[in-house]
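Engineer: This is the structure I have questions about; it appears just below.
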Amino acid sequence: MDALVETLETKLRQWKPDVAEQVKQYVAAIIEMADQDALDILHSRDADQQALDSFEESAN
């Protein structure tokens, strides 16, 4: 876990401020969902987004 934290800290310093802020928000949301045992919802949203992305690609 320490390696993950170190990598995140390094990347947050390297990324553009807007990207770093967005990542912080995503990580905070994941932590909140984990605290609520709601990570299965995140997986469901990811699957939905992948389906939408595939649909958009095939439409072009």
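Engineer: How far is helix 2-14 tilted, in degrees, relative to the longest principal axis of the Cα atoms in the chain, given as a value from 0 to 90 rounded to the nearest 10?
Structural biologist: Approximately 80 degrees, to the nearest 10.
Engineer: Relative to the longest principal Cα axis of the chain, at what angle does helix 39-59 sit, 0 to 90 degrees, rounded to 10?
Structural biologist: 50 degrees
Engineer: Scan (i) 1.18; (ii) 1.02; (iii) 1.10 for the value of Rg/Rh (Cα atoms, Kirkwood Rh) calculated from this model and give just the label.
Structural biologist: Working out Rg/Rh (Cα atoms, Kirkwood Rh) from the coordinates points to (iii).
The numbers here are math on the coordinates, done by the rules we state, and not lab data. Since the structure is predicted, the reported quantities are computational estimates derived from the model, not experimental observations.
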